[in-house]
Amino acid sequence: MKTLFDQTTIKHLNLPNRFIRSATCEGLASPDGAVTSALIEAMVELAKGGVGLIITGHSYVRTVGQASPNQLGAYSDSLIPGFKEMTEAVHAAGGRVIMQLAHAGRFASEQLTGQTALAVSLAKDLTNTSVREMTIEDIQELPEAYAEAAERAKVAGFDGIQIHSAHGYLLSQFLSPAFNQRQDEYGGSIYNRSRIHLHIIQAIRRTVGHDYPILVKLNCQDFIENGLSLDDSLQVAHRLANAGVDAIELSGGVIKTGTLGPSRTGVNSLEREAYFRNEARVFKREIPIPLVLVGGIRSYELAEKLVETGDVDYISMCRPLIMEPGLINRWASGDHSKALCKSDNACLESGRKGTGVRCLVK
């Protein structure tokens with residue numbers, strides 16, 4: 001029977017338990033996306049707190065894809081020395097860390113980038129900002145951008161990478177009919193809408209080799225009108241697994257729109273926790289690679305049940321570890337009381353504003 005504190009592996013990455021710190025926009029990098037001492041300290045605190053694997057905040061692979069101030073970047077070789085400082089510090093603290101690679105697409109900040117945000121198509125603008133529809137050339141440049149960023153991560157000592165294809169950011173926009181109304185080979189069927197994902201994975205594999213862990217964060221559904229459906233998401237998951245992705249982290253919802261977003265408030269009962277659990281059960285029956293679940297998990301007993309019943313392989317958390325970086329050590333010690341997180345999202349706003357993600361309740 002699986003337990004939360006099993007030692008496991010994803011690809012060749014050995015993990016001491018089944019707890020993962022989900023990517024969280026820390027807002028602690030420098031204005032140009034470089035690692036800072038404050039960001040390293042935050043990563044080390046998580047490693048010392050007992051989490052089995054840390055996923056960095058979303059790191060933009062091109063400057064036009066930056067979403068928020070003081071967001072971590074992955075767009076230039078000049079950033080590698082800072083990455084190395086981070087990975088060495090995390091490893092010295094006994095932790096493991098992978099880099100999440102991202103592009104905000106139409107959710108990028110023109111104020112920060114000085115460039116018009118890129119949209120998959122000129123669908124109804126859900127962001128109330130000016131955008132430019134991506135040309136074929138823009139799209140075909142993406143695999144190289146992600147592959148170069150992945151190579152930087154590997155050179156710097158990261159234990160793997162995760163591709164961010166959730167929450168309405170660029171790769172999520174490709175999958176979603178609400179955003180993707182293209183009439184070419186990148187639009188229409190879910191096969192076409194996920195085409196760029198396969199090209200990106202192939203480019204990364206050619207660059208980093210077949211032994212380097214590649215994870216993908218994927219929406220189970222968008223929960224918006226005409227958004228990505230569960231059936232289409234399952235088809236994407238199968239394609240990703242067949243393409244050599246090593247694990248999928250399942251999330252859902254779109255930032256800035258809809259009431260059923262990725263980080264829901266009012267998670268104050270077991271019934272409200274793990275709000276993507278039903279979709280996770282479907283995914284776990286369908287896909288052959290490890291499944292990570294994120295979204296409102298606050299209780300040890302629920303996390304334990306999700307793993308013991310085989311609904312998921314790993315438990316991923318964001319907001320609880322902002323308030324309690326040592327939560328996993330607390331649970332490991334036998335204190336299984338619920339995480340203290342109030343799910344008010346104030347912590348995330350401070351991260352997005354670039355003032356540093358932190359709990360404002362403590």
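The values are calculated or read from the model by the stated rules, or taken from the named source; none is laboratory data. If you're wondering where the values come from, they're calculated on a predicted model, not measured in any experiment. Neighbour counts run over all protein chains shown; Cβ positions are idealised from the backbone, glycine included.
Here is a yes/no grid of residues against (1) more than 30 Å from Asp159 (Cα to Cα); (2) not in a helix (DSSP H, G or I):
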position	(1), (2)
Ala237	no, no
Glu271	yes, no
Ala274	no, yes
Ile289	no, yes
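Residues in segment 207-228 that are more than 24 Å from Pro143 (Cα to Cα) and among the aliphatic types (A, V, I, L, M): Ile224 only. If you go through segment 273-302 and keep only what is touching a Lys or Arg at 6+ places or on another chain (Cβ under 8 Å) and farther than 14 Å from Leu250 by Cβ, you end up with Glu273, Arg298, Ser299, Tyr300. When restricted to residues that are acidic (Asp, Glu), touching a residue at least 60 places away in the same chain (Cβ under 8 Å) and either more than 16 Å from Phe83 (Cα to Cα) or assigned to a helix (DSSP H, G or I) (or both), segment 146-165 contains 1. Close Cβ contacts (under 6 Å, 6 or more residues apart or on different chains) running from residues in segment 177-204 that are crowded, with 20+ Cβ neighbours inside 10 Å to residues that are among the small types (Gly, Ala, Ser) and assigned to a helix (DSSP H, G or I) comprise Ile204/Ala147; Ile204/Ala150.
Kindly indicate whether any position in segment 117-127 is modelled with pLDDT of 95 or more and among the acidic types (Asp, Glu). No: zero hits. Restricting the first member to segment 131-145 and to residues that are touching a residue at least 24 places away in the same chain (Cβ under 8 Å), and the second to residues that are aromatic (Phe, Trp, Tyr), the beta-carbon pairs closer than 9 Å and six or more apart or on different chains are Ile136/Tyr186; Ile139/Phe174; Ile139/Tyr186; Ala145/Tyr75.
Checking every residue in segment 303-319 against the condition of being modelled with pLDDT under 95, assigned to a loop (DSSP other than H, G, I, E, B), farther than 22 Å from Ser59 by Cβ and not small (Gly, Ala, Ser) gives zero matches.
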